[in-house]
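Following: one structure in structure tokens, then a few remarks.
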Amino acid sequence: MTEQFKDWWKSISEREQQLSLVSAAFLLLAIVYWGAWKPLANQLQQSKKELSRAEQTLSWVQDKAVVLVQAGVAKQKVSSKKLSLTQVVNKSARQHGIKFSRIVNKKQQLEVWITDVEFGRFIDWLTSLNNQHSVSVINTDLSRMDKEGHIKINRLLLGY
């Protein structure tokens with residue numbers, strides 16, 4: 001193959017050799033540009049856009065965190081920690097009109113049974129417990145009642 005190339009190279013004129021060299025150099029530059037440089041430049045530009053979006057998101061989150069702290073969300077969570085879990089759950093349940101059929105206090109957890117509660121009211125109560133007092137549901141067992149939109153809580157385990 002190299003012998004054929006050498007024979008061909010010697011057979012063409014000097015002007016054709018120069019034109020072939022210039023064409024080969026241009027072809028090599030084109031391959032380097034579109035094969036390596038252009039994809040890298042595009043990736044760099046894309047990464048800069050993603051970084052800019054991430055910085056904007058971070059700035060937005062920091063602004064909202066300041067607003068939340070100023071609104072007293074952090075203070076609410078801290079102040080509710082002073083109350084016992086039983087006190088927090090009982091107070092919140094009264095505010096939401098929820099009545100327990102049984103409560104069992106287990107160290108850092110509270111087990112609750114509710115005979116009949118409207119599902120929407122139950123969800124609002126749990127959301128309030130979580131958002132205002134950092135009380136979360138650890139485990140639950142519930143069933144649907146015959147009355148539409150109502151449920152029975154066979155076991156609800158709450159904790160900080």
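The values are calculated or read from the model by the stated rules, or taken from the named source; none is laboratory data. These numbers were taken from a predicted model, which means no experiment stands behind them. Here Cβ is always computed from backbone atoms with ideal geometry, including for glycine, and neighbour counts include all displayed protein chains. Just the protein is used for accessible areas: all its heavy atoms, side chains included, with ligands, DNA and RNA removed. Shrake-Rupley method; radii C 1.70, N 1.55, O 1.52, S 1.80 Å.
Condition check ((1) at pLDDT below 90; (2) within 31 Å of the chain's Cα centre (by Cα)) across all residues:
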position	(1), (2)
His96	no, yes
Val104	no, no
Gln109	no, yes
Asp116	no, no
Arg121	no, yes
Trp125	no, yes
His133	yes, yes
Gly149	yes, no
Asn154	no, no
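Would you say Val88 is modelled with pLDDT of 90 or more, among the β-branched types (Val, Ile, Thr), over 24 Å from Arg144 (Cβ atoms) and not in a loop (DSSP other than H, G, I, E, B)? So Val88 fits the description; yes.
The set of residues in the range 135-147 being modelled with pLDDT under 90 and acidic (Asp, Glu) consists of Asp146 alone. In this entry, Glu118 is excluded by the filter for residues that are charged (D, E, K, R) and open to solvent by less than 40 Å² (accessible area, probe 1.4 Å). Number of residues in the range 121-155 that are part of a loop (DSSP other than H, G, I, E, B) and open to solvent by less than 30 Å² (accessible area, probe 1.4 Å) equals 1.
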